[in-house]
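To start, the structure itself, in structure tokens.
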Amino acid sequence: MRVIGRRTHICKQWFITVGVFLGVGSWLYMFLQFVAWDPANNQPCISFADSHAELEKFVHFDNLPTIHAITPTYRRPVQKAELTRLSQTYRQVRNFHWIVVEDSNRTTNLVTKLLRRSGISYTQLNVATPEQYKLPLNPKLSYIHPRGTFQRNLALEWLQQNVQSGGQKDVVYFADDDNTYDLQVFEEMRYTEKVSVWPVGLVGGQLVERPLVHDGRVTGWNAAYKPQRPFPIDMAGFAVNLDLFLRHPEARFRIKQDVGYQESVLLAQLVTLSDLEPRAENCTKVLVWHTRTETPRLRGEVTMRKEGRRSDKDIEV
């Protein structure tokens, strides 16, 4: 009887210990969260981790600079798929802040819900591109003004107004939603002093477009597309120290600018060729690709809608 009583006492103690542990863990889970800015009411909105396994992603590492990734996006059939793919990559990056700017008159529920469940520190903004600057509906036609300009400029304005210059030297990266990223590229850019650069695959009509490096310094480019550009580089091929934008508040992408020159216009306001910092083993490794998701053929959907039906009724794609 004494043995049974002792065992019962031990079991009670074990259950009490487990209960206390779970209670403390629940409270800890509620406090470990990221705060993202809601531009609609100028108040912070709270986003929680989806599982205990993700909690470490919500811990801010004070010894690491934060990467602020700016992603313009617009409504299209593959939008959710593109942003989902990006979020699965970004959630693995420490000290990462995702600024998603929608090309619309208001933020959309699709993007809002995706960001809230992403497990990433985020800011959601929106600004609509005026009609006169939008791309023609016929994809075979050339266009004068590049897309994403208003959205990237709004994100830069938000950073300059809301993020203070700090000793950790945060980094700004223009991360479009039609690219594929190796996680290593984020660590390559994290300690950017001014502007860091690296190769980009599948862009400019080439397998790879990259800076040419000699003795650890950028001396030129291997670009075939408009090689006369001052900085013939893709948007995915460079990152900028946030302090540069804070010291040069006028630095912006130009609205009326020939296609392919947006990167050059911005960088010329910040640095010269000699300031560039080659990354990815002196620009010998490809860590980002301009993959571009293929536009889906939706002939069946067009037929259904002519008949007053649609395949995505009551379901978000």
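Please report, to two decimal places, log10 I(q)/I(0) for segment 217-285 at q = 0.16, 0.19 Å⁻¹ as given by the Debye formula with identical point scatterers on the Cα atoms and no solvent.
With one equal scatterer per Cα and no solvent, log10 I(q)/I(0) is -0.58, -0.82.
Would you kindly state how much longer the chain becomes between GLU157 and ARG297 on full extension, computed as 0.36 nm times their sequence separation minus their alpha carbon distance, in nm to one decimal?
46.7 nm
For segment 150-255, what relative contact order do you get, as a whole percent, if you take Cα pairs closer than 8 Å and at least 6 residues apart?
The normalised contact order for segment 150-255 reaches 36 percent.
With Cβ to Cβ distances under 14 Å as the rule, what net charge do the other residues near SER311 carry (K, R +1; D, E -1)? List each step's numbers first, then the result.
Values: positive: ARG297, ARG299, ARG305, LYS306, ARG309, ARG310, LYS313; negative: GLU301, GLU307, ASP312, ASP314, GLU316.
Every neighbour counted, the sum reads +2.
What aspartates and glutamates sit close enough to LYS313 to cross-link, taking a C-alpha to C-alpha distance under 13 Å and skipping anything fewer than 8 places away on the same chain?
Straight-line reach from LYS313, under 13 Å: GLU301.
Say the cut-off is 20 Å between C-alpha atoms; which of LYS80/LYS306; LYS134/LYS256; LYS113/LYS169 go over it?
With Cα atoms farther than 20 Å apart: LYS80/LYS306; LYS113/LYS169.
How compact and how long is segment 194-317, expressed as Rg and Dmax of its alpha-carbon atoms in Å?
19.8, 65
Can you compute the modelled spin-label distance between ASP215 and THR284, with each label point 7 Å from Cα toward Cβ, in nm?
1.8 nm
Starting from the Cα-Cα distance between LEU270 and ASN105, subtract it from 0.36 nm times their residue separation and give me the gain in nm to one decimal. Could you put the intermediate results ahead of the total?
Numbers: separation 165, 0.36 × 165 = 59.40 nm, distance 3.07 nm.
Using 0.36 nm per residue and subtracting the Cα-Cα distance, I get 56.3 nm.
Could you give the nm distance between label points at ARG254 and ALA128, where each point is 7 Å from its Cα heading toward the beta carbon?
Output for this residue pair reads 2.8 nm.
What does the accessible area per residue of segment 214-286 come to in Å², with a 1.4 Å probe and no ligands, DNA or RNA counted?
Heavy-atom accessible area per residue stands at 45 Å².
Find out how many positive minus negative residues lie around GLY300, taking Lys and Arg as positive, Asp and Glu as negative, among other residues whose Cβ is under 15 Å from that of GLY300.
+4
Of all accessible surface on segment 179-317 at a 1.4 Å probe, what whole percent is carbon and sulfur?
Solvent-exposed carbon and sulfur of segment 179-317 make up 51 percent of the total.
The values are calculated or read from the model by the stated rules, or taken from the named source; none is laboratory data. Fair warning: this is a prediction, and the values are worked out from it, not measured in the lab. Every residue, glycine among them, receives a Cβ derived from its backbone with ideal geometry; neighbour counts consider all protein chains shown. Note: areas computed on protein heavy atoms with side chains; ligands, DNA, RNA excluded. Shrake-Rupley method; radii C 1.70, N 1.55, O 1.52, S 1.80 Å.
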